[in-house]
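The values are calculated or read from the model by the stated rules, or taken from the named source; none is laboratory data. This is a predicted model, so every value here is computed, not measured. Methodologically, a virtual Cβ is constructed for each residue, glycine included, from the backbone with ideal geometry; neighbour enumeration extends over all protein chains shown. The area values use the complete protein model at the heavy-atom level, side chains included, leaving out ligands, DNA and RNA. Shrake-Rupley method; radii C 1.70, N 1.55, O 1.52, S 1.80 Å.
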Amino acid sequence: MLHVERGGNGPLLVLLHGLGATGEVWQDVVAGWSGSWLVPDLPGHGRSAPLDRYSFGSIAAAVAEVVPREPVTVVGHSLGGVVGLTLASGWFGVDVRTCVGIGIKVRWTDDELAKAASLAQKPAKVFETRDEAVQRASKMAGVPIAHGVSEVDGGWTPSLDMRAFGVGRPDMAGLVMASQAHVVLAAGENDPMSPQEHLAELVPEPVAFPGLGHNVHVESPSSVSLLLSGPTRR
């Protein structure tokens, strides 16, 4: 079962966070959205239950269960962007009209995949205090998060199910081609994980956020809001 936050009235915006984060990273973006919004913690993250097996399809299927059957705009960051594109295929019954992927890592080396697979095998660390666990969870997420820890025997631990690191390499070209939605790929100008030249191989006009890095939605929420208020809305 997924933990979901909802609010607002009007056109629905679905926001999907990246690996290790929680839905709370979108709080300043939804504050600038004029319609309704839905923000889940992805499976195995924050306050949501884990999955037996992690793939882009299994995560998308879990998200699809909590999205109303109405036209939606999906914005996903990093892993969430890939999940958004998976939903935009139409295979899961979600009527995605526009899908915005921010900071998606398109190219993966064998070494990077091996490192991720190794992390997926590691047990979560247990800390004596909640603050220490929050610091660890925030470090893994790459952004400050407060709801990404759980109390366990012996102390506190990040809630992230480490097996999620084993999700694998996304078939980005296939996902973009299969999308039934208008696709926008975007990244911070200084995002080393998602350089513009990689995105340009997938879409004709990727969006660059000047001066920003990987976590655009946290660094400059207004930039995301401005993008959503422009021609991406259909």
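At what distance in angstrom do the alpha carbon centres of the range 177-193 and the range 107-126 lie from each other?
Cα centres, the range 177-193 to the range 107-126: 24 Å.
Are there GluC sites (Glu not before Pro) in the range 1-92 that DSSP marks as loop and that have at most 14 other Cβ atoms within 10 Å, and which are they? Let's see the in-between values first.
Details: sites: E5, E24, E65; in loops: E65.
For GluC sites (Glu not before Pro) across the range 1-92 that sit outside H, G, I, E and B with at most 14 neighbouring Cβ atoms in 10 Å, the list reads E65.
Counting only the heavy atoms of the protein chains, how much of D171 is accessible to a 1.4 Å probe, in Å² to the nearest 10?
Only protein atoms counted, so the area is about 100 Å².
The range 22-70: which trypsin sites (Lys or Arg not before Pro) are DSSP loop and have at most 11 other beta-carbon atoms within 10 angstrom?
R53, R69
Rg/Rh for the range 126-212: what does it come to with C-alpha atoms and Rh from Kirkwood?
Details: Rg = 17.8 Å, Rh = 15.8 Å.
Reported Rg/Rh, Kirkwood definition of Rh: 1.13.
Which of the peptides 143-149, 116-122, 13-19 is most tightly packed, and how do the rest follow, judged by the mean count of other Cβ atoms within 10 Å per residue?
Packing proxy ranking, top to bottom: 13-19, 143-149, 116-122.
Ignoring ligands, DNA and RNA, what percent of the accessible area of the range 64-140 is carbon or sulfur (1.4 Å)? Intermediate values should be presented prior to the final figure.
On the way: 1880 of 3790 Å².
Of the solvent-accessible surface of the range 64-140, carbon and sulfur hold 50 percent.
In what sequence, largest accessible area first, do H217, H198 appear using a 1.4 Å probe?
Working: H217 5, H198 35 Å².
Sorted descending by solvent-accessible area, the residues read H198, H217.
Tell me the per residue accessible area of the chain using a 1.4 Å probe; a whole number in Å² is fine.
Values: 10750 Å² over 234 residues.
Computed with neighbouring chains in place, this is 46 Å² per residue.
Relative to the Cα centre, what is the charge dipole magnitude of the chain, using +1 at the beta carbon of each Lys and Arg, -1 at the beta carbon of each Asp and Glu, and rounding to the nearest 20 debye?
That gives a dipole near 300 debye.
For V126 paired with A178, estimate the spin-label separation in nm (one decimal), with each label point 7 Å from Cα along the Cα-to-Cβ line.
In this crude spin-label approximation the distance works out to 4.0 nm.
Mind checking which of V207, V183, V152 has the largest fluctuation in a GNM of the chain, springs on alpha carbons under 10 Å?
In this elastic network of the chain, the residue with the biggest mean-square fluctuation among V207, V183, V152 is V152.
Let me have the relative contact order for the range 1-83, percent, based on Cα pairs under 8 Å that are six or more residues apart.
This gives 42 percent for the range 1-83.
Students often forget the sequence filter, so: which aspartates and glutamates lie under 16 Å Cα-Cα from K139 once same-chain residues fewer than 8 apart are removed?
E24, D131, D161, E219
Just want to confirm a number: the relative contact order over the chain, from Cα pairs under 8 angstrom separated by 6+ residues, in percent.
Relative contact order comes out at 21 percent.
How far is it, in nm, from the label point at S58 to the one at D28 when both lie 7 Å from their Cα along the line to the Cβ?
3.4 nm
So, with a 1.4 angstrom probe, what is the percent of accessible area on the range 195-234 that is carbon and sulfur?
On the way: 1220 of 2140 Å².
Carbon and sulfur: 57 percent of the exposed surface of the range 195-234.
Run the accessible area of the range 1-49 with a 1.4 Å probe and give the carbon-and-sulfur part as a rounded percent.
50 percent
Considering only protein heavy atoms, with the full assembly of protein chains and a 1.4 angstrom probe, order R6, R136 by accessible area, largest first.
Descending order: R6, R136.
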